[in-house]
1. Restrict the check to segment 388-410 and report whether at least one residue is farther than 27 Å from residue 220 by Cα and without any contact (Cβ under 8 Å) to a residue 12 or more places away in the chain.
2. Among the residues of segment 563-586, is any closer than 16 Å to residue 532 by Cα, in the same structural domain as residue 497 (by TED's automatic domain parsing) and open to solvent by 30 Å² or more (accessible area, probe 1.4 Å)?
3. So which of 145, 80 is open to solvent by 50 Å² or more (accessible area, probe 1.4 Å) and in contact (Cβ under 8 Å) with a residue 12 or more places away in the chain?
4. Only one of these is touching a residue at least 24 places away in the same chain (Cβ under 8 Å), polar (S, T, N, Q) and surrounded by fewer than 16 Cβ atoms within 10 Å (Cβ to Cβ): 292, 271. Name it.
5. Quick check: is even one residue across segment 483-498 among the aromatic types (Phe, Trp, Tyr) and surrounded by 21 or more Cβ atoms within 10 Å (Cβ to Cβ)?
6. Going through 194, 135, 190 one at a time, which residue ends up being at pLDDT 95 or above, in a loop (DSSP other than H, G, I, E, B) and open to solvent by 10 Å² or more (accessible area, probe 1.4 Å)?
7. For the list (1) open to solvent by less than 40 Å² (accessible area, probe 1.4 Å); (2) under 39 Å from the mean Cα position of the chain (by Cα); (3) under 30 Å from residue 120 (Cβ atoms), I need the number of the one condition that residue 276 fails.
8. Would you call residue 408 at pLDDT 90 or above and outside the structural domain of residue 337 (by TED's automatic domain parsing)?
Amino acid sequence: MAEDDFSPDTGDGRSADSDRITVEDRYVIDATRRLPDLAGCPAYAVKDALSAQATLVALAPPAFQPARAEASQMARVRSPHLLAAHAVDEASGSIWIICDAPNGAPLSQNTGWSESALLERVIQPIAAVLHAYNAAGITHRAIRPDNVFDPGGRAPVKLGPGLAAPPAFLQPGQFEPLSSLLCSPAARGAGTIADDVFSLGALSVWLLGGGSGLQSPTHPDTNIEERILRGSFDVLAGHLSLSPEVAGLLAAMLADDPDARPAPADLLNVSERKAFTARKQVSADAPIRVGSAQVRTTRALAWHGARNPIALANLVRRGVIERWLTHELGLTAVAARMTAIGKELTMTEDAAPSPSVLMEIIAVLDPSLPLHWQGEWFWIDAIGMIATASLMSGGVQAGPEFPRLILEAAQAGGLLRFAQATSITGQNIAAQTVHAALHNGRVERVADIGRLTYLLNPGQSCLSPDCAGKRLSAAWALLQWLNGEFTPTTSGTRGLLDRQMTAFLLARGDRSGLIEQFGNESGDGYLPWLKDLALLAQMQSRYQTGPLLGVARKILPHLTPSLKLWRNRTTRTRRGEELAAAAESGDLARMAEVVVDPRSVAKDRSDWLVAQNEMRRLTQEQIALGKKLPDVSPTLRAEMLQVATALGALAAIGSLCLEVIS
């Protein structure tokens, strides 16, 4: 290895040929052999050095479509009907997922299914997988036709991986429950196992219907409203001719109330003779009007109220909703909470409710719906992915206002209030996690929201436009790339690192210490190159990288202005020589010591002030001495000069005579 090359310890998974990557000393990936995508993730050829018969694929999650934060936990789930993940590894500097290869064609290519075959070969085996996931306390959230594989014959299908992409990020609209469909794909979150049951039911309906097209992940409001008013089962399966038993089963699986769906354990031995009864949402005989819409359920009231907040707040303020909930639906507890909110509204003069109050009204009306804040729906555990999607250029996965809304909701206490109101488990823990990340990451401005993408997902690779395509998920890998091929762009607002590189390194390093010291990523009031040097020096020490000569050479020319802090020319020259020597040895810590030395700068300034004071004193004395001399006319001054000259000449002649006589 060359002296100025940085390379991690041996055994990092990389060979001399960068196109061949070894994972866990066993799986050899050929990065030149691209395979068809699996589960919406780029796939590559891989061989198992310990088992020639194993058929595997290596998945490479892109930077803006990262693996799930709980990917390592998901990889431990085992089921005979699941394409198992054998390794989630970033020893090469990028995350690679090794999993079983599909054993057949995806169901998107095989849509002719009978009810009996569907029950035995699709619902039962996938229910077994979901049962294993449920036992582990996690969800799959990627049940769709292109991620379920049919080996043929009478063999059960196999479910593809769910850990290689954000939860529900790629799900077509008809495979998602309302609680997820309301959100943009990036804002859907991990959900609950009941959401996976819904997706399995939607997949079953799609197969029985002959696979008639797939909707996009985003869904128009008109289709959402139809599902809210008619129910998801009627919209998705109303056109099918089903047996009463299968109709009852699918109606239960597609229930819009997650608590009404069967658990995976209930589906393990499902058959055409096992009956299920779908529990429908309570509907009022007399509708209530919100704006121009007349609604009969609390879910429809919440949906239309979110779109007409002034009308909804007016109904709450006047007690109309309270009476309707009590007399029409018998929901006295919900009515009591509406009374309390109504009293809060009467204390304000604004016609429109605050975002926090509107969020609470919606959560009280239907606790299964996501958090609503200023027109956007999202789940708290999806905030990390929302932060990632907000950085995508030209993407539609998250609106441009999302970062501002997240920060406002957090600062107003909306996340914690929603976590207490929702019926969906896990949101309280998610809210506490997000608040901890906001605090530890010193996220105080909208521009800082991007830090959450790294703080909330340990597998998120660096999203800098300069290196996003390289999928660098390890801090040492980014350091190596900076030390090598990277050429910084000339900019007056950034140094070697851009905002994303800095946030990535901070999140991967000692978060509390580093972020406390370098909370202001923009470099305002501090030379950006100096800030980058200080951060990279700490990273060099933390990861024991050895010399980083490439980084040192790129930073060195930009540190000259910092030497002007010393006014002593000798000191400035000496420190310039020391800085150049440290750069040639690739020692960033020594470079930082040379240019960032407050004690030496203070002493130099003190010495300079002493010298300035001494010069000022001498100047003042010279001026004072001139003022003390007597006034002498020019003529007299000339005569005095002549006398002094004559006396000097006589003294010189006398001295010469005495010297001759002696």
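1. Scanning segment 388-410 turns up no residue that is farther than 27 Å from residue 220 by Cα and without any contact (Cβ under 8 Å) to a residue 12 or more places away in the chain.
2. no
3. Of the residues listed, the single one that is open to solvent by 50 Å² or more (accessible area, probe 1.4 Å) and in contact (Cβ under 8 Å) with a residue 12 or more places away in the chain is 80.
4. Among 292, 271, only 271 is touching a residue at least 24 places away in the same chain (Cβ under 8 Å), polar (S, T, N, Q) and surrounded by fewer than 16 Cβ atoms within 10 Å (Cβ to Cβ).
5. No, segment 483-498 contains no residue that is among the aromatic types (Phe, Trp, Tyr) and surrounded by 21 or more Cβ atoms within 10 Å (Cβ to Cβ).
6. 190
7. The one condition residue 276 does not meet is (2).
8. In short, yes.
The values are calculated or read from the model by the stated rules, or taken from the named source; none is laboratory data. This structure is a prediction, so every number in the text was calculated from the model and none was measured. Cβ sites come from the backbone with ideal geometry, for glycine too, and all protein chains shown count toward neighbours. These area figures cover heavy atoms from the full protein model, side chains too; ligands, DNA and RNA do not enter into them. Shrake-Rupley method; radii C 1.70, N 1.55, O 1.52, S 1.80 Å.
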